[in-house]
Amino acid sequence: MRFTNFCIFLICVTVSTIAQTDLKKVTINDLKQAVHPTDSTASAAVLFDQGEISFEFTDGWNYIFNKTSRIKIYTKDGLNQADITIPFYVGNSNSDEERVINIKGYVYNLEDGKITRDKIRNRNIYEEEPSELWHLKKLALPNVQEGSVIEISYTIKSPHVTSLPKWTFQKEIPVDFSEFILVSPATYLAYRGYFRGKHSLEKNTDIQDGEFYYRSSNNTGPSNSGKIASKINFTTIIAKNVPKITGENYVNNVSNYQTSVKYEIASVKSLGQTGKRKNFNQTWQDVSKVIMKSDDFGKELSKTKYYEDDIDALISSTSNQLNRLMLIFNHVKSKIKWNNKNRLFCSDKLKRIYKNGEGNSAEINLMLTSMLKYAGIEAYPVVSSTIAKGIPFSPTISGFNYVTSLAIIDNKTYHLDATEPYSAPNVLPKRVLNWIGRIIYSEEQSEQFDLMPKSPSKINTNLTGILKDNGVLQGQVREVFYENYALGYRTSRSNMPLEKQVERLKENYEGIDDVSNYTNKYIKDLSKPVMRSYKFKTTNSFSDVIGDKIYITPMLFFKTSENPFKDKTRNYPIDFTYPRSLRQTFNISIPDGYTIDYVPEKKVIGLPNKIGTYQYLVMASEDKIQLTVIFNINASILPSEYYESLKELYQSIVDKENEKIVLSKV
């Protein structure tokens, strides 16, 4: 969003410059340093990272973002830190476009005891266009090697002053020093900062009196110049010795927990002494009002003429609201193809989207919501952010990038996303399951909405096999996938050739030597769970023949081989995405002439507060092994306080599922 005033141009601010940390010269000690002082496992480290945002006015406000970074490369694995990409927004018009300027890059090395410096050339700076709205500057730094120190600086000039770039103090490598500086005209642009993460920060804010020099850029009259008084906000935020953030298992998006700050506009005042002040997004009510008043959201939601004839014909045969919901839901899924774009607002008129048959997430699900309302069903749009974007914890518009639909019938809620052809009510694609969104009831009212599934997704597995006296085991498997497991299976395999599916099965289930008779059932029929069946053969992968004994791991390729939780402690929630229930049964016939000498004891384990259970139940008869394993996690997200218990549970699972049954020759 731009705030325009045709005649003012900001030349400078007549106040003392904020004290900022200067970047020192690269030293021989920097280049000799073989390991990081506080993290010997680090492949690289940020020695210095500084970002400064200031402002200018040229027929509208712009921010100027200056960034300087210095990184030390320790090992081969750290060389990817030299792969520098700078994303910038180009928009649909010149007035929206951001510019990246003053790109500089240096690589320092130590050769024969002396410091060398290689400079990046313009021919090594490339621009790519991954989308219509976003471009990338890519830098190919010269002579980067183990031990190098690289240094990058650039400037981004942007008109999008409502939401400033997020500054991340914590990265996937250690950060020795990080500083963020904000110099803003507080009288005219007021910002609100949102902080995340647990690392301590040193923050200092100073407000000083200052003046803007300006000159006219009015083409209809003579130029003039003058001054405007303003309070100037100087804010510095410093972090030191920040440990690397690790991408642990079962974390939806680690950036949600990185130590960072992001500033968003709180209010703007028109230039001049009599200028009016406008407040932005101070409450969720403000957010609802802006969204619903938008021509690309609320106005499109209210339009119905373009689909009325089709929907009238579609629902004419039933007055049952749930039947109508499913008819309309399937109609939208089949008629409008998702263009893989996650959006909060429509980029085109819904009338044209309906005619052309392709749209973004906002267009598809706003259209769905509108049709449900037209059919007499209570329905509202739900705004949210995808997992990749992160979680908005405070009133914001820029924090959202997705729209779904919520229908209410007989006090039951049906959460819908028509972008996915295999989705179902309350079974949405994983990208959407990002903690919380907001139901937008009207301009005046919205409410937090829990996006996470409540009922468990299930996989039921049945394996029957015959063990031979040479340790070879043959058998067949049938797996049944429900809810989110079924959605994931359908989405990933609906267009995959069977040969490729068999390859993936072998990759996922290590130890299978041969697979045949591989079939799927009900991939297209959403009224039933997906079924997969196949025959298999393993050659001594899970059995050992030693003398007159056979040692067999009865869960075969379904056993849990490794504990996913390895860290001593954990600071983040454990995100399973959805509750889950796994039930596995194994029936294995033993060879003639053998008897069962030993079977593992049964095991029943529970997590605190009944949040999860594990059962391992084995029975043995004269010629058959029967094993049932049941594992339930009864919540989508577990607080970090459960980490130790969960870690112990998984270790018990690994130990138990790798135990062997012993057969002895009679």
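The values are calculated or read from the model by the stated rules, or taken from the named source; none is laboratory data. Being a predicted model, the structure only gives us computed values, none of them experimental. Note that we place each Cβ from the backbone using ideal geometry, even for glycine, and neighbour counts take in every protein chain shown.
Structure data summary
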| item | result |
| --- | --- |
| All positions within region 133-153 that are over 20 Å from TYR74 (Cβ atoms) and touching a residue at least 24 places away in the same chain (Cβ under 8 Å) | LEU133, TRP134, HIS135, LEU136, LYS137, LYS138, LEU139, SER153 |
| Test: residue in region 458-479 that is more than 20 Å from THR585 (Cα to Cα), surrounded by 17 or more Cβ atoms within 10 Å (Cβ to Cβ), touching a helix residue (DSSP H, G or I) at 6+ places or on another chain (Cβ under 8 Å) and in the same structural domain as LEU556 (by TED's automatic domain parsing) | no |
| Single residue of SER385, SER361, SER394 found to be touching a Phe, Trp or Tyr at 6+ places or on another chain (Cβ under 8 Å), under 12 Å from ALA418 (Cα atoms), touching a residue at least 24 places away in the same chain (Cβ under 8 Å) and of a type in the set (Ser, Thr, Tyr) | SER361 |
| Residue in region 291-310 that is under 22 Å from VAL382 (Cα atoms), in a helix (DSSP H, G or I) and either of a type in the set (Gly, Ala, Ser) or in the same structural domain as GLY51 (by TED's automatic domain parsing) (or both) present | yes |
| Count of residues meeting criterion [in a loop (DSSP other than H, G, I, E, B) and modelled with pLDDT under 95] in region 528-541 | 2 |
| Residue within region 167-174 that is in a strand (DSSP E or B), in contact (Cβ under 8 Å) with a residue 12 or more places away in the chain and over 19 Å from PRO87 (Cα atoms) present | no |
| Some residue of region 572-584 being modelled with pLDDT under 95, assigned by TED's automatic domain parsing to the domain that holds LYS468 and of a type in the set (Lys, Arg) | no |
| Residue in region 411-432 that is closer than 30 Å to ALA266 by Cβ and either surrounded by fewer than 17 Cβ atoms within 10 Å (Cβ to Cβ) or of a type in the set (Gly, Ala, Ser) (or both) present | no |
| Breaking point among (1) surrounded by 14 or more Cβ atoms within 10 Å (Cβ to Cβ); (2) among the basic types (Lys, Arg); (3) at pLDDT below 95, for LYS566 | (1) |
| Residue in region 301-308 that is in contact (Cβ under 8 Å) with a residue 60 or more places away in the chain, out of contact with any strand residue (DSSP E or B) (no Cβ under 8 Å at 6 or more places or on another chain) and surrounded by 14 or more Cβ atoms within 10 Å (Cβ to Cβ) present | yes |
| Strands (runs of 3 or more DSSP E) lying entirely in region 411-527 (those with 1 or more residues that are under 30 Å from PHE297 (Cβ atoms) and acidic (Asp, Glu)) | 446-450 |
| Residue within region 12-23 that is of a type in the set (Asp, Glu), at pLDDT below 95, surrounded by 13 or more Cβ atoms within 10 Å (Cβ to Cβ) and assigned to a loop (DSSP other than H, G, I, E, B) present | no |
| Subset of region 42-67 (residues that are in a strand (DSSP E or B) and touching a Gly at 6+ places or on another chain (Cβ under 8 Å)) | ALA44, PHE65, ASN66, LYS67 |
| Any hit, region 364-384, residues being aliphatic (A, V, I, L, M), within 23 Å of SER446 (Cα to Cα) and part of a loop (DSSP other than H, G, I, E, B) | yes |
| Segments classed as strands (runs of 3 or more DSSP E), wholly inside region 86-144, with at least 3 members that are touching a Leu at 6+ places or on another chain (Cβ under 6 Å) | 99-111 |
| Subset of region 65-96 [more than 26 Å from the chain's Cα centre (by Cα), surrounded by 16 or more Cβ atoms within 10 Å (Cβ to Cβ) and either over 19 Å from PHE180 (Cα atoms) or modelled with pLDDT under 95 (or both)] | LYS72, ILE73, TYR74 |
